[in-house]
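See below for the structure under consideration.
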Amino acid sequence: MPSLHRATLRSPLLPLLAVTLAFAASCRGSTEPEVVTTRIEVGTLASPSALALQAPDTVIATVAFDATILTTGDACVRAAGGEVTVRGLVATVPPYDMVYAGSSGAAWAVVVPAPARTANVRFDVTGTATFGAVGALGTTAERTVVVRPLR
C-alpha cells in the first residue's frame, strides 16, 4: 500500500501545477535580465458565455449595479478593466486585458481565466435592458436585465 506521501507525488494535478508555476514565473522574468513589455488589448471572453458575463436579473433604474466580466488567456494575462457604454436600455463593455510579454519570445500555452473585472452599470430608464460584452476573436456574451422604477 503506497504511503500518503507517494500518492501525493503521483497526483495527476502535480505536473499541471508545476507547468503553471513555471509559466507564471516566466511572466515575471527569470534570473537572467529580460525586457518585459505590456500591452492592453480586448480580451477573449470565457466560455460558456454564462460564465463570461454575470449580472443581476433585476435592477432599479438610476441605481448602479456591478456586473462581472471574465476573460481567458495564458498565464501572462491580467484583467485591465473595461469601459461601459450605456444608451437607453442597451449597455456594452469591451473587457480589456493587460498582456505581459518577455524579450525571450517564450510562448505561454497554459490557458487560465484572467481575474474577473467588475463593471459598474446604471440604466436611467425602466424596461427590459440588454447588457453585453464584446471580446476578441468574435466572442460575445449577453444578459437580459429587468430595470424597475425606483418606488
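The values are calculated or read from the model by the stated rules, or taken from the named source; none is laboratory data. Nothing here was measured: the structure is a model prediction, and the numbers come from that model. Neighbour counts run over all protein chains shown; Cβ positions are idealised from the backbone, glycine included.
Does THR92 count as surrounded by fewer than 16 Cβ atoms within 10 Å (Cβ to Cβ) and assigned to a strand (DSSP E or B)? I'd like the intermediate steps shown before the answer.
Values: surrounded by fewer than 16 Cβ atoms within 10 Å (Cβ to Cβ): no; assigned to a strand (DSSP E or B): yes.
No, not satisfied.
Within region 102-115, not a single residue is of a type outside the set (D, E, K, R), part of a strand (DSSP E or B), within 23 Å of ALA46 (Cβ to Cβ) and modelled with pLDDT of 90 or more. Which residue pairs have Cβ atoms under 9 Å apart, sit 6 or more places apart or on different chains, and have a first residue in region 71-96 that is in contact (Cβ under 8 Å) with a residue 60 or more places away in the chain and a second that is surrounded by fewer than 22 Cβ atoms within 10 Å (Cβ to Cβ) and β-branched (Val, Ile, Thr)? Cβ pairs passing all conditions: THR71/VAL42; THR71/THR44; THR71/THR139.
With respect to THR68, is the statement that it is assigned to a strand (DSSP E or B), at pLDDT 70 or above, within 15 Å of the chain's Cα centre (by Cα) and polar (S, T, N, Q) true? In short, yes.
Condition check: assigned to a strand (DSSP E or B) and either of a type in the set (Asp, Glu) or more than 27 Å from ARG148 (Cα to Cα) (or both). Does ALA79 satisfy that? Answer is yes for this residue. Screening SER47 against (1) under 17 Å from THR144 (Cα atoms); (2) surrounded by fewer than 19 Cβ atoms within 10 Å (Cβ to Cβ) leaves a single unmet condition, (1). Select from region 115-136 the residues that are surrounded by 21 or more Cβ atoms within 10 Å (Cβ to Cβ) and touching a Ser or Thr at 6+ places or on another chain (Cβ under 6 Å) and list them in ascending order. Answer for region 115-136, where residues must be surrounded by 21 or more Cβ atoms within 10 Å (Cβ to Cβ) and touching a Ser or Thr at 6+ places or on another chain (Cβ under 6 Å): just GLY135. Note on region 116-145: residues that are in a strand (DSSP E or B), more than 16 Å from ALA79 (Cα to Cα) and not β-branched (Val, Ile, Thr) total 7. Once region 55-77 is narrowed to residues that are buried (at least 16 other Cβ atoms within 10 Å of the Cβ) and of a type outside the set (A, V, I, L, M), the residue that is nearest to ALA101 (Cα to Cα) is CYS76.
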